[in-house]
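The values are calculated or read from the model by the stated rules, or taken from the named source; none is laboratory data. Remember, predicted model here, so these are calculated numbers, not experimental data. Cβ placement follows ideal geometry from the backbone for every residue including glycine, while neighbour counts extend to all protein chains displayed.
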Amino acid sequence: MPDCPALPVMVSIHVPICNEPPDRLCRLLALLAALDYPAFEVLVVDHNTADPGLWEEVARECARHGARFRFFHLGCWPSGRAGALNFARAQAADRTAVIAVLDVGAVVERNWLRDSVLGFANPQVAVMRSPYLVRKAALDSVGGWAEWAFTEDAALDLALLQKRWLLADPAVPFEYGPADFALQRWQTARQAYGAAQIGRRCWRRLFLPLDRELTLRQRWRFVAGRLPWVGDALCLPSLIVTLGLPIGFAAAPWRFGVPTALVTLALLIWRLGSVRGSRTDAAITRLALSHTVARAFWNGILGRSTPGLHPARGSQMPTWTAGLWREELALLLLTWTVLAGIVTVHGFAAWQAALWCVVLLVQSAPYLAAVTVAAMAATPARQPRAFRRTTGPVARTGAGD
């Protein structure tokens, strides 16, 4: 898509909302109004919000920003977020070439849109994750957003790969910081649940060698980005097994303790590897969300609902409560209790006991991080970091071969 100064790429920015605090929306709308880009519109689509006090203030704020900001209240909308996005797609301006989807907690710099649309210079690129922009022609080619999917963006990625479109990331990734830990927890649970849901529904095209809908490279591209969540999911049953084996360890350490400890340690190294290279605060937050990921992922695999997430109706982003870390606190205390019991009974005379204690100590790190981050979230939140400017060429992450 050429960057023509006389006719800039028209971008339609869609913001689906459900039971959102108006102050978050007003902050986002103010940032969008200040964008340094000449051709864009903003469509805020509210769905399944019963309280008029939540959406009426947002409607007034949209009107205050002028004609390029439009607000729609859909009332009861069974197809939820994906259905709201399909509605917005039908309402987009006629010459729209790119659709951007933003969550309420997004924080964008003035140059975000101007830098991001450069990624569509390659006509084969369908998606630019900054955070999520999609070429409208590509979206139309697969029939719009998948209303069966909890994470409609991941389902769209899979559908576009089948059509041999390219998916791209900025050469320097944008960093997204939600307004609070509760919001980040909600977003992570939604993504993990949605990934498991897609895996359960589309496992044939992803994993069966005889299925030709996707190439081997495309399958790996899609699955690889979700492997850290698989690691979190596997660590939860591993912890349960670890906590349930002290008796077996005491009776036969080589048979019960050492093999389990080694497998658990390998999983933990995998998990810690997923945060390598991150800033310290981002790495701690990533560890703090491990239990959230594991719980949501297993619920998605089993087809069960998960607290705070309602695929059919949309979801309400929570505020901070002590319930956010009750399970993590219980598992942290239980892990430390078992560790103390092993030290009391065996000491460190046997190297197997020392290995077991190290494993339990490392296993407790994500739960300690969760309790710490959630407790810090109770204090007044700092302003989230904005998207960073992207420079340099676009890096392809999906191939149409």
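Quick one: in region 96-137, of everything that is under 22 Å from Leu28 (Cβ atoms) and among the aromatic types (Phe, Trp, Tyr), which residue is modelled with the lowest pLDDT?
Only one residue tops the list, namely Tyr132.
Going by what's in this entry, would Leu102 be described as aliphatic (A, V, I, L, M), in contact with a Pro (Cβ under 9 Å, 6 or more places away or on another chain) and surrounded by 16 or more Cβ atoms within 10 Å (Cβ to Cβ)?
Considered against the rule, which asks whether it is aliphatic (A, V, I, L, M), in contact with a Pro (Cβ under 9 Å, 6 or more places away or on another chain) and surrounded by 16 or more Cβ atoms within 10 Å (Cβ to Cβ), Leu102 comes out as yes.
Looking at Val58, is it among the β-branched types (Val, Ile, Thr), touching a residue at least 40 places away in the same chain (Cβ under 8 Å), in a helix (DSSP H, G or I) and more than 25 Å from Ala149 (Cβ to Cβ)?
yes
Select, from Leu25, Leu35, the only residue that is outside any loop (DSSP other than H, G, I, E, B), in contact with a helix residue (DSSP H, G or I) (Cβ under 8 Å, 6 or more places away or on another chain) and surrounded by 15 or more Cβ atoms within 10 Å (Cβ to Cβ).
Within the list Leu25, Leu35, the selection yields Leu25.
Examine region 194-214 for a residue that is of a type in the set (Asp, Glu) and either at pLDDT 85 or above or outside any loop (DSSP other than H, G, I, E, B) (or both), and state whether such a residue exists.
No, the conditions are met nowhere in region 194-214.
Taking Arg70 as the residue in question, decide whether it is in the same structural domain as Val142 (by TED's automatic domain parsing) and either touching a helix residue (DSSP H, G or I) at 6+ places or on another chain (Cβ under 7 Å) or touching a residue at least 40 places away in the same chain (Cβ under 8 Å) (or both).
Against the criterion (in the same structural domain as Val142 (by TED's automatic domain parsing) and either touching a helix residue (DSSP H, G or I) at 6+ places or on another chain (Cβ under 7 Å) or touching a residue at least 40 places away in the same chain (Cβ under 8 Å) (or both)), Arg70 qualifies.
Just one of (1) in contact with a Leu (Cβ under 8 Å, 6 or more places away or on another chain); (2) outside any helix (DSSP H, G or I); (3) closer than 28 Å to Ala182 by Cα trips up Pro78, so point out which.
All conditions are met except number (1).
Ala168: out of contact with any Leu (no Cβ under 9 Å at 6 or more places or on another chain), in a strand (DSSP E or B) and closer than 30 Å to Arg212 by Cβ, yes or no?
So Ala168 fits the description; yes.
Looking at region 138-193 only, could you name the residues that are of a type in the set (Gly, Ala, Ser), over 15 Å from the mean Cα position of the chain (by Cα) and at pLDDT below 90?
Ala168, Ala171
Sort through Arg217, Arg190 and tell me the only one that's closer than 18 Å to Trp298 by Cα, touching a residue at least 60 places away in the same chain (Cβ under 8 Å) and part of a helix (DSSP H, G or I).
None of the others qualify; the one that does is Arg190.
Name the single residue that is modelled with the highest pLDDT among those in region 41-80 being among the acidic types (Asp, Glu) and buried (at least 18 other Cβ atoms within 10 Å of the Cβ).
The residue in question is Glu41.
Would you confirm whether or not region 131-148 contains a residue that is under 16 Å from Arg201 (Cβ atoms), crowded, with 20+ Cβ neighbours inside 10 Å, hydrophobic (A, V, I, L, M, F, W, C) and assigned by TED's automatic domain parsing to the domain that holds Leu85?
yes
For the condition within 20 Å of Arg114 (Cα to Cα) and either assigned by TED's automatic domain parsing to the domain that holds Val107 or in contact (Cβ under 8 Å) with a residue 12 or more places away in the chain (or both), what is the one hit in Pro38, Pro52, Pro22?
Pro38
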